[in-house]
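One structure is given here, and the rest of the page talks about it.
The values are calculated or read from the model by the stated rules, or taken from the named source; none is laboratory data. The shown structure was predicted, so the numbers you read here are calculated from the model rather than taken from an experiment. FYI the Cβ positions are ideal-geometry reconstructions off the backbone, even for glycines, and counts take in every protein chain you see. All accessible areas refer to the heavy atoms of the entire protein, side chains included, with ligands and DNA or RNA removed. Shrake-Rupley method; radii C 1.70, N 1.55, O 1.52, S 1.80 Å.
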Amino acid sequence: MVFYFLQFDAVFDWRTLRHSSGKWGLDRVLMSSIFDLNLQVQAEHIDQLGHVNNVVYMHWMQDVATAHIDVLGLGLKEYIELKHAMVAVEHHVQYRKAAFEADEIILRTWFDDINALYSSRQYVFYRPKDNSILFVAQTKWACVEIETGRPKRMSPSFTQAYQPLAKDVNALDFSMDYSKSSVRSEKRKKASEL
């Protein structure tokens, strides 16, 4: 098993703030967000050609998506409780530049579309030291019943939590320092203002 140190932060677009009543309660404020996961490339990520192996990028996609849904309050634990989950059905990836050991990288993700059965998630992996976009990807996710694996319409829990990013937000603007925000304190602050 490979361990690496991750720091995750999210920046929320408070104009699309939603409060979910019932089970999720006030501590589960749901909104659209750009989500950043910061990491440093480790020796285990490097292949025989001296750069990050392509398969590692796929693992990072899963890591940043999982951390994002956890912050939104509808992660793997809640999937089990609800008896349905989102599963990847299609990936489109583009490798733009190589990453190397000790590189500091920002893994950024956000939802860009959602309907009754599917959601679409975008990814951009960025190296700040030379302002390089290393990798871009998109994943189509489908909602399925966990027990049967059959397609299922998303419950309101999903459609409320997994909102697309507002169209006027430029997710590729890395001059914005999203990694310095405090998700929990901002959530509490905004929730107390409701």
Under-5 Å amide H pairs with residue 117, H placed in peptide plane, nonlocal only: 154
What accessible area per residue comes out for the stretch 65-137, rounded to a whole number of Å², with a 1.4 Å probe? 45
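Could you sort 128-134, 97-103, 71-77 so that the peptide with the highest average Cβ count within 10 Å comes first and the rest follow in order?
Numbers: 128-134: 13.4, 97-103: 15.0, 71-77: 17.6.
The most tightly packed comes first, giving 71-77, 97-103, 128-134.
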Report the local net charge at residue 44: Lys and Arg +1, Asp and Glu -1, summed over other residues whose C-beta lies under 14 Å from its C-beta. -4
When the chain is fully extended, how far beyond the present Cα-Cα distance does residue 62 get from residue 167, taking 0.36 nm per residue of separation? 35.4 nm
